[in-house]
Amino acid sequence: MALTAGIVGLPNVGKSTLFNAITKAGAESANYPFCTIDPNVGIVEVPDHRLDKLTELVQPKKTVPTTFEFTDIAGIVKGASKGEGLGNKFLSHIRQVDAICQVVRCFADDNITHVSGKVDPIADIETINLELILADLESVEKRIVRVQKLAKQKDKEALIEHDILVKLKDAFENEKPARAVEFTDEQMKIVKGLHLLTTKPVLYVANVGEDEIAEPDNNEYVQQVREFAEKDNAEVIVVCAKIEEEIAELDEEEKAMFLDELGIEESGLDQLIRAAYSLLGLATYFTAGVQEVRAWTFRRGMKAPECAGIIHTDFERGFIRAETVSYDDLVAGGNMNAAKEAGKVRLEGKEYIVKDGDVIHFRFNV
């Protein structure tokens, strides 16, 4: 599924270093021709222990993980909404992504200057958030002028949209993002159609020093970011971008040893990939046979025929049934035959909502 998270940040916060780690850890060339499909897009495999276990059980000829895209967004400075620095490029790139990963500097280093002269993660976050709000405010103000003309003519749809736009304008003028404004489901359909920057979900990436990654909560800057994120209903992932760039160069065995030496269970990049994946409401189902065990990305809430269509449009068009077993039930049984004998394999129809971890064999006829 072509969904992507954009990596944003002020200058010298570690954004480029983190993106370098992402591209170096890119999807394996055997499965994907290029791990970097564009100068600013990196594709990474979504880490999933379930795929390893299914491979162990099925012993297929090949295993294919699912992937996720990160886009490196042009740098931002104060005044970006008015075109300062690379402002226009920043805004055009961020409009094209589905979620925002905001890298925040949480380390002190006299050799790396800070754009504002001192390390202040909350000020950095507020700078970027404000630029996005100001860009949205400009869009909404222009839209209000157009809609007002129709509203004066008692156009019912225009009146509804006008009320929504005024509510958004008020929020923006009080420096609140669109995602913080409450709307009904019907109103949200109109809000989504406005393609505002501040409706996009946000994930904060606290970039710490190498000697702080094992115990990040001892870092006062990380604590500040967590407190801010809690008010924004956002998640915080702690990484050391410099270490992530080094880890990306290692094979799996070396990587495990390195992480063990650092006293951490998994890399920050793996955490970031999973968090961004979840932020967009994505989940994974599996297909498992002797030829191939494969993970597939789908949006939570999708029905079986739609998920079948991710593999091939013919699967959706000629969908008959989905032979389904949960990952846990399959592992507990040890193999598909045992799961069937235990009554854990189900035949699901067109209305079945696929669940994360389902192992599915689609039956279709075209």
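In the set (1) without any contact (Cβ under 8 Å) to a residue 40 or more places away in the chain; (2) in a helix (DSSP H, G or I); (3) over 30 Å from Glu244 (Cβ atoms), the condition left unmet by Arg143 is number (1). On the stretch given as region 259-292, residues that are farther than 15 Å from Phe70 by Cα and either of a type in the set (S, T, N, Q) or open to solvent by 50 Å² or more (accessible area, probe 1.4 Å) (or both) total 10. When residues of region 316-326 are filtered for being outside any strand (DSSP E or B) and open to solvent by 50 Å² or more (accessible area, probe 1.4 Å), how many remain? The qualifying residues number 2. Sub-8 Å Cβ pairs linking a first residue in region 252-273 that is within 15 Å of Val44 (Cβ to Cβ) to a second residue that is of a type in the set (Gly, Ala, Ser) and not in a helix (DSSP H, G or I), at least 6 apart or interchain, are Lys255/Ser267; Leu269/Ala25; Leu269/Ala248, ordered by first then second residue.
Among the residues here, Glu306 does not qualify as open to solvent by 20 Å² or more (accessible area, probe 1.4 Å) and either over 23 Å from the mean Cα position of the chain (by Cα) or farther than 27 Å from Phe70 by Cβ (or both).
Among the residues of region 223-245, are any in contact (Cβ under 8 Å) with a residue 12 or more places away in the chain, charged (D, E, K, R) and in contact with a Pro (Cβ under 9 Å, 6 or more places away or on another chain)? Looking for residues that are in contact (Cβ under 8 Å) with a residue 12 or more places away in the chain, charged (D, E, K, R) and in contact with a Pro (Cβ under 9 Å, 6 or more places away or on another chain), one finds at least one in region 223-245, hence yes.
For region 273-295, filtering for residues that are hydrophobic (A, V, I, L, M, F, W, C) and touching a Cys at 6+ places or on another chain (Cβ under 7 Å) leaves 1. The set of residues from region 202-223 being touching a Leu at 6+ places or on another chain (Cβ under 9 Å), part of a loop (DSSP other than H, G, I, E, B) and surrounded by fewer than 18 Cβ atoms within 10 Å (Cβ to Cβ) comprises just one member, Ala214. Residues that are surrounded by fewer than 16 Cβ atoms within 10 Å (Cβ to Cβ) and either under 16 Å from Val103 (Cβ atoms) or among the polar types (S, T, N, Q) (or both) within region 184-201 comprise just one, Thr184. When restricted to residues that are open to solvent by 90 Å² or more (accessible area, probe 1.4 Å) and more than 28 Å from Lys24 (Cα to Cα), region 224-255 contains 4. Restricting attention to region 144-187, the residues being of a type in the set (Asp, Glu) and under 17 Å from Lys200 (Cα atoms) number 3. Looking across region 337-366, the residues that are outside any loop (DSSP other than H, G, I, E, B), in contact (Cβ under 8 Å) with a residue 40 or more places away in the chain and of a type outside the set (D, E, K, R) come down to Ile353, Val359, Ile360, His361, Phe362, Phe364. Tell me which residues, restricted to region 333-356, are hydrophobic (A, V, I, L, M, F, W, C) and in contact with a Leu (Cβ under 9 Å, 6 or more places away or on another chain). Met336, Ala338, Ala339, Val345, listed by residue number. You will find that of Ala256, Ala214, Ala234, Ala241, the residue that is under 19 Å from Ser16 (Cβ atoms) and outside the structural domain of Leu132 (by the TED database) is Ala241 and no other.
The values are calculated or read from the model by the stated rules, or taken from the named source; none is laboratory data. Not measured: the values here are computed from a predicted model. Glycine gets a Cβ as well: all are built from the backbone with ideal geometry, and neighbour counts include every protein chain shown. Heads up: the accessible areas ignore ligands, DNA and RNA and are worked out on the full protein's heavy atoms, side chains in. Shrake-Rupley method; radii C 1.70, N 1.55, O 1.52, S 1.80 Å.
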